[in-house]
Amino acid sequence: VSLLAAAWLYSGPGETGSFDLTGLGTGDRYAPIGDGELASRGLVNSVASATLDCTQADINLAIFSNPDYTGSFVQLSKAAGGEQDYWHSGPAQSALLMASNNQGHSEDRVSFQDLFRAEWDNFLDQKLSGTNVSREGYPLLTWQMFPQNDRWLSPDDIYLRIHQPLHITMPWYWSDYSASVDYNVLLFVDGSGLLNAWVADYEWWVEPGAKAGKIGDQLDPEARAGMSALQTEINNKLALADLAGPFSDVYLLPGSQLEPVGTTVFFGDTSTDVTIVLQHK
Amino acid sequence: MPMSAISSFASPARAGLGRGPTLSPLDVGRGPTSCEATVGLRGGDAGPALPRPPKRTHGVRRFGYAQGDWLPPWAREQVDQDASVEDLIRAAVDRATSAPSEATFVEVRSILNELGRTTAHTETVKRIVNKRVRKQLMRGGGKR
């Protein structure tokens, strides 16, 4: 076997029109197809059919509504071995070819939401206790794939992203402010085959207003200090979770895919969940 | 699974369905997923405060556009000799199927993709790179 997978994306139905051929080598996990590559083939919002071929792993082609591998998506999946034709309609601003369920390895799959949602709420509420900052609704637990033009994040890495809207309560004579904080978390397998988390960076945002600068000045050190505490929290959670290594790899799939999906087509949204896949040695 | 069955699964996309099964993006507190696109004050650019983990790779395959010499010499020779599109495709496929590897796939991919920018050439590629040939590209198995 020379390749793990190949994918042909066509602009026309029934494998017609212009096309883009991409693939995965035997050691590859992802092949991103960015908006530039889609545009160069006339495939932006115009992927009408596709053919997937794979050998020793399942292959998944997720077609996203946003150019940064986020948003609603359609995933075309083929179980290991053989070729399958598909048709497709709908948005196509970026696409991602992903190998999963590699033969010769077993996997554990966990939902980012299930693993961490309650933990995050408790963690943040404790941090915000006694302050004029509170959680505003639910966090967005999603991913950030191959971030471009980011000083602190690598374009070759994949991150879990936590986005939390915040509410800043002001003294009664001033209007309250909206704000948010973001953390990007990298999961990795260490030399002992254990799963670890590294909080790669933090971001915050405050809505415009005369007080925005002062709020930002107060938010920044708190958000930065939260990196270390969050990393400890996640690693404690991972240690307590029923995730028995040693592992050889950890990777992410969009949406909820807690079991291998086989040969099928399904729909999801990266804002609802991300699946963490742990590949055993 | 036959293609007809697969196609039926995909049909809801026409109606714009297929978002998250339990919560719509608006229900999950989706704020500015990209701060750059949001008016307001943003920060957090002071850099990572935590020690970096060991370097690891995620097996990301990138097919960049090679500058200048994307066309290998043997293919350039074919073009210079006014070989037909069919002959160029066959030569590329012969090379890739006689010694299937990631390197030969990258080579044949760059040529096929450039040809595949037009419907007419797609038809030609599809005729020559048929299912049997695609199988050989993936798994070896000799020349066509």
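The values are calculated or read from the model by the stated rules, or taken from the named source; none is laboratory data. Worth saying up front: this structure is predicted, and the values here are computed from it rather than measured. Every residue, glycine among them, receives a Cβ derived from its backbone with ideal geometry; neighbour counts consider all protein chains shown.
For region A:151-166, a tally of residues being under 16 Å from the mean Cα position of the chain (by Cα) and closer than 23 Å to B:Pro51 by Cβ returns 10. Scanning region A:132-142 for residues that are more than 11 Å from every other protein chain (Cβ to nearest Cβ) and part of a strand (DSSP E or B) yields A:Val133, A:Ser134. Looking across region B:119-144, just one residue is in contact with a strand residue (DSSP E or B) (Cβ under 7 Å, 6 or more places away or on another chain) and exposed (fewer than 15 other Cβ atoms within 10 Å of the Cβ), and that is B:Lys131.
For (1) hydroxyl-bearing (Ser, Thr, Tyr); (2) more than 12 Å from every other protein chain (Cβ to nearest Cβ); (3) in contact with a Gly (Cβ under 8 Å, 6 or more places away or on another chain); (4) farther than 27 Å from A:Thr51 by Cβ, each residue gets a yes or a no:
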{"position": "A:Ala244", "(1), (2), (3), (4)": "no, yes, no, yes"}
{"position": "A:Ser248", "(1), (2), (3), (4)": "yes, no, yes, yes"}
{"position": "A:Leu253", "(1), (2), (3), (4)": "no, yes, no, no"}
{"position": "A:Ser256", "(1), (2), (3), (4)": "yes, no, yes, no"}
{"position": "A:Glu259", "(1), (2), (3), (4)": "no, yes, no, no"}
{"position": "A:Gly262", "(1), (2), (3), (4)": "no, no, no, no"}
{"position": "A:Thr270", "(1), (2), (3), (4)": "yes, no, yes, no"}
{"position": "A:His280", "(1), (2), (3), (4)": "no, yes, yes, yes"}
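The rows are residues; the columns are (1) buried (at least 21 other Cβ atoms within 10 Å of the Cβ); (2) more than 10 Å from every other protein chain (Cβ to nearest Cβ); (3) modelled with pLDDT under 95.
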residue	(1), (2), (3)
A:Ser11	yes, no, no
A:Thr26	no, no, yes
A:Arg29	yes, no, no
A:Val44	no, yes, no
A:Ala50	yes, yes, no
A:Ala57	yes, yes, no
A:Asn60	yes, yes, no
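Yes or no: region A:121-131 includes at least one residue that is within 24 Å of A:Arg29 (Cα to Cα) and either outside any strand (DSSP E or B) or among the hydrophobic types (A, V, I, L, M, F, W, C) (or both). No, region A:121-131 has no match at all. Against the test of being charged (D, E, K, R) and part of a loop (DSSP other than H, G, I, E, B), the options A:Asp85, A:Asp20, A:Asp53, A:Asp68 yield a single qualifying residue, A:Asp68.
Here A:Tyr202 meets the list (1) hydroxyl-bearing (Ser, Thr, Tyr); (2) surrounded by fewer than 21 Cβ atoms within 10 Å (Cβ to Cβ); (3) closer than 19 Å to A:Phe112 by Cβ almost entirely, failing just condition (2).
For region A:177-209, filtering for residues that are of a type in the set (A, V, I, L, M) and under 18 Å from A:Ala223 (Cβ atoms) leaves 8.
In region B:101-133, what residues are within 17 Å of B:Pro72 (Cβ to Cβ) and at the interface with chain A (Cβ under 7 Å from one of its Cβ atoms)? Passing the criteria: B:Ser101, B:Glu102, B:Phe105, B:Arg109, B:Leu112, B:Asn113. Out of A:Ser65, A:Ser11, A:Ser72, A:Ser77, one residue alone is more than 26 Å from A:Val277 (Cβ to Cβ) and in contact (Cβ under 8 Å) with a residue 12 or more places away in the chain. It is A:Ser11. Here A:Glu203 passes the criteria (1) in a strand (DSSP E or B); (2) more than 8 Å from chain B (Cβ to nearest Cβ) except the one numbered (2).
Per-residue answers, yes or no, for (1) charged (D, E, K, R); (2) facing chain B (nearest Cβ under 7 Å):
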| site | (1), (2) |
| --- | --- |
| A:Ser154 | no, no |
| A:Arg161 | yes, no |
| A:Pro165 | no, yes |
| A:Ile168 | no, no |
| A:Trp174 | no, no |
| A:Ala197 | no, no |
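Note on region A:160-207: residues that are of a type in the set (Val, Ile, Thr) and farther than 19 Å from A:Trp143 by Cβ amount to 3.
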